[in-house]
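The values are calculated or read from the model by the stated rules, or taken from the named source; none is laboratory data. It should be emphasised that the depicted structure is a prediction, and the values quoted were computed from it without experimental measurement. Here the Cβ positions follow ideal geometry from the backbone for every residue, glycine too, while neighbour counts run over all protein chains shown. Surface areas here come from the heavy atoms of the whole protein model, side chains and all, with no ligands, DNA or RNA. Shrake-Rupley method; radii C 1.70, N 1.55, O 1.52, S 1.80 Å.
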Amino acid sequence: MSAPAPRRRLGAIFKTTAVRLSALYLLLFSVCAVLLVIYMTSLAAGFFLNETRMAIEQELRSLDRIYQRGGMRGLVVAIDRRARAPGAFVYLVADPTGRILAGNVRALEPGVLDHTGWTRRPFSYEKFRERGENGDLPQAVANIFQFENGMRVLVGRDLGEPERFRVVVRRALALALGLMALGGLLIWLFIGRRALKRIDAVSAASAGIVAGDLGRRLPVSSAGDEFDRLSASLNTMLARIETLNDGLREVSDSIAHDLKTPLTRLRNRAEEALRKDEGETGYRDALEDMISEADQLISIFNAMLQISRVEAGYTRFTPEPVDLATVATELADLYEPLVEDAGGHLKNEVTGPLVAEGSRELIGQAVTNLIDNAIKYGLKGEGATVTLKGRADKAASRVELLVCDTGDGIPEADRERAVRRFERLEESRSAPGSGLGLSLVDAIMRQHGGELRLQDNEPGLCAVLSFPTAAP
C-alpha cells in the first residue's frame, strides 16, 4: 500500500534543496550558538570564581590582622560576629579534634579539615537551611588555615550566583534553540511547499511542451526570484525553438510545393525530347533547358544551405568595424550599370562614417540581395530609382543602411510574410527567384544582433538594415 498523500508530500518537501540548506544552516548556527554560550558561561563562571577567591583572600588578611591584635579569642569573637551579618562569608573555627567552636557552618563532611588550602565542596551552613532543588547542598569555595596549636579556620563563599547564572543562561539557550527549531521547521514547510508548488507547475508545463504543445510556456510569477529568471530564460529558448520549428515546417512545405514544379519541368522536357526524337539539335536544346532548370535548383539549395549555416552559427566570423558608407559606395559602383540597363537610376546618398561591428562579407551579401530585389521588383515606370541611404541614431546607439525603390512596394500586412523562406507575393510570382533573398538578409541581420525592417517609401519600399553601433 502506498504512503498517504500528505506523508508523500511532506517527504517531497524535505527532499528539496531549500529545506536541506535551511536545515544545514540551522544545524551549523545551533552548534556555533551552543559553543559560544558554553564558552561565555564558562568564562563568566571563571571570572566569578576568581573574584570570589580574591574576596576570600582579602577576608583572610583582615582576620589575620585581628588575630595579631587579639589572639585566638579575639579571632573567634570576630568570626562569630561576622558570621551573623547579612550576606556573610562561610566561617568556621574548629579545635584540633574538629569540634566546631564558632561560625555559621552547621556540619562538615569527614576529613574536610584534614587538608589546608583551597577546597570546593558542598557546605551546610546557616544561610542555606534547606537543600537545593535536587536535594544537594550548595557548593562553596573555601580556604582552610591551620594554626600552630592545631586550631583551624575556614573562610569561604558560596557559588550560588555563578551557578544560578550558568543555569539561567543554559535554560535561556535551550528555550531559544527550541523556538529557533520550531521557527525553522515552519519556514522549511513554507519555503519547501512554495518551492515544490512552483516546481510542480514547471514540470506540468514541461510535460505539455514535451507532448507537442510548443506554444506553451513555463509559469513566471511576480516575485522576480531565481525561479522566475530561469523560467524567463527557458521561455525565450522555447520561443526560439518554436520559431525554428515553424520555419522548418514551412520550409518543408515550401520545398514540396516550390521544387516540385522545376523537377516536373525537368522530367517533362526529358520525356518530350525522347518522345519526339528531334535529333541532335533537339537533344542539345533539351539538355540546355534541363541544365538551366538544374542551375536554378542548385541556386535554391545553395541559398537554403547558406541561410541554415548563418542561422546555426556555422558562418562564424570575428567582429570587426565595418563602415557601411564604404560598403554602399562599392556596391553602388558595381550595380549602377545593371540598374541603368534595367531602365532605372541608382543614387547613393550614404555619407560616412557609419560604423557597425560584424562581417564585411556577410553585410555586403545582405545589401547585394536587397539591391537585386529592388532591380527585380522596384524598377517600374518612368523615373524608377534605387536609392541607398544611411543614418545614425545616437540616442538608440544604432546605425542604419536603407535600400529604397520606387516600385509597387509591399503591403504592410504582407511584410512579415515576405521575409519567410519561399514566400513569394502574388505580384512577384511572374519574376524569376526563389523567395529566399529576404530570408537570408534577415538571418544575417539576426547573427549581427541587428534587424531587418520593411517600410513604406511612398511610393515603393525601403528595406532597413539596423545595426548596433560599434563599440568605441
Problem set entry | Residue in the stretch 266-280 that is nearest to the chain's Cα centre (by Cα), counting only those that are at pLDDT 75 or above and open to solvent by 90 Å² or more (accessible area, probe 1.4 Å) | R267
Exercise. If you check every pair at least six apart or on different chains, which have Cβ atoms under 6 Å apart with a residue in the stretch 185-198 that is more than 24 Å from S30 (Cβ to Cβ) first and a residue that is part of a helix (DSSP H, G or I) and modelled with pLDDT of 70 or more second?
Worked result: R198/F227
Problem set entry | Where D393 falls short, out of the listed (1) closer than 19 Å to V441 by Cβ; (2) acidic (D, E); (3) within 47 Å of the chain's Cα centre (by Cα) | (1)
Exercise. Are any of the residues in the stretch 374-383 buried (at least 22 other Cβ atoms within 10 Å of the Cβ) and closer than 15 Å to L438 by Cβ?
Worked result: yes
Problem set entry | Subset of the stretch 145-193 that is part of a helix (DSSP H, G or I) and basic (K, R) - its residue that is modelled with the highest pLDDT | R171
Seminar exercise, completed: When S359 is run through (1) over 30 Å from S292 (Cα atoms); (2) touching a strand residue (DSSP E or B) at 6+ places or on another chain (Cβ under 9 Å); (3) modelled with pLDDT under 85; (4) open to solvent by 30 Å² or more (accessible area, probe 1.4 Å), the failure sits at (4)
For this session: Would you mention how many residues in the stretch 348-398 are among the acidic types (D, E) and touching a Leu at 6+ places or on another chain (Cβ under 8 Å)?
Result: 1
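Residue-wise test of (1) exposed (fewer than 15 other Cβ atoms within 10 Å of the Cβ); (2) out of contact with any Cys (no Cβ under 7 Å at 6 or more places or on another chain); (3) modelled with pLDDT under 75.
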residue: I13; (1), (2), (3): no, yes, yes
residue: T17; (1), (2), (3): yes, yes, yes
residue: L27; (1), (2), (3): yes, yes, no
residue: I38; (1), (2), (3): yes, yes, no
residue: S42; (1), (2), (3): yes, yes, no
residue: F47; (1), (2), (3): yes, yes, no
Exercise. Just one of T387, T326 is touching a residue at least 12 places away in the same chain (Cβ under 8 Å), among the β-branched types (V, I, T) and touching a Pro at 6+ places or on another chain (Cβ under 9 Å); which is it?
Worked result: T326
Exercise. For the stretch 337-356, how many residues are under 18 Å from A325 (Cβ atoms) and either surrounded by fewer than 17 Cβ atoms within 10 Å (Cβ to Cβ) or of a type in the set (A, V, I, L, M) (or both)?
Worked result: 10
Seminar exercise, completed: Checked the stretch 392-406 for anything under 17 Å from L461 (Cβ atoms) and open to solvent by 60 Å² or more (accessible area, probe 1.4 Å); matches are none
For this session: Answer yes or no: is there a residue in the stretch 399-421 that is assigned to a loop (DSSP other than H, G, I, E, B), over 39 Å from the mean Cα position of the chain (by Cα) and within 30 Å of N245 (Cβ to Cβ).
Result: yes
Seminar exercise, completed: Within the stretch 89-112, the residues that are open to solvent by 20 Å² or more (accessible area, probe 1.4 Å) and either in contact with a helix residue (DSSP H, G or I) (Cβ under 9 Å, 6 or more places away or on another chain) or among the hydrophobic types (A, V, I, L, M, F, W, C) (or both) are F89, G98, I100, L101, G103, A107, L108
Seminar exercise, completed: For the stretch 349-360, pairs from a residue that is touching a residue at least 40 places away in the same chain (Cβ under 8 Å) to a residue that is in a loop (DSSP other than H, G, I, E, B) and open to solvent by 10 Å² or more (accessible area, probe 1.4 Å), with Cβ under 6 Å and 6 or more apart or across chains, are V355/A470; A356/A470; E357/P319; E357/A470; G358/P319; G358/H448; S359/F317
Exercise. Can we say R429 is modelled with pLDDT under 75, farther than 30 Å from P353 by Cβ and under 44 Å from the mean Cα position of the chain (by Cα)?
Worked result: no
For this session: Report, ordered by the first and then the second residue, all pairs with beta carbons closer than 7 Å, sequence separation of six or more or different chains, a first member in the stretch 52-64 that is over 15 Å from V153 (Cβ atoms), and a second member that is open to solvent by 40 Å² or more (accessible area, probe 1.4 Å).
Result: T52/R157; A55/R157
Seminar exercise, completed: Residues of the stretch 207-241 being charged (D, E, K, R) and open to solvent by less than 60 Å² (accessible area, probe 1.4 Å), in sequence order, are D225, D228
Exercise. Applying the selection to the stretch 380-397, what residues are under 24 Å from A418 (Cα atoms) and at pLDDT 80 or above?
Worked result: A384, T385, V386, T387, L388, K389, G390
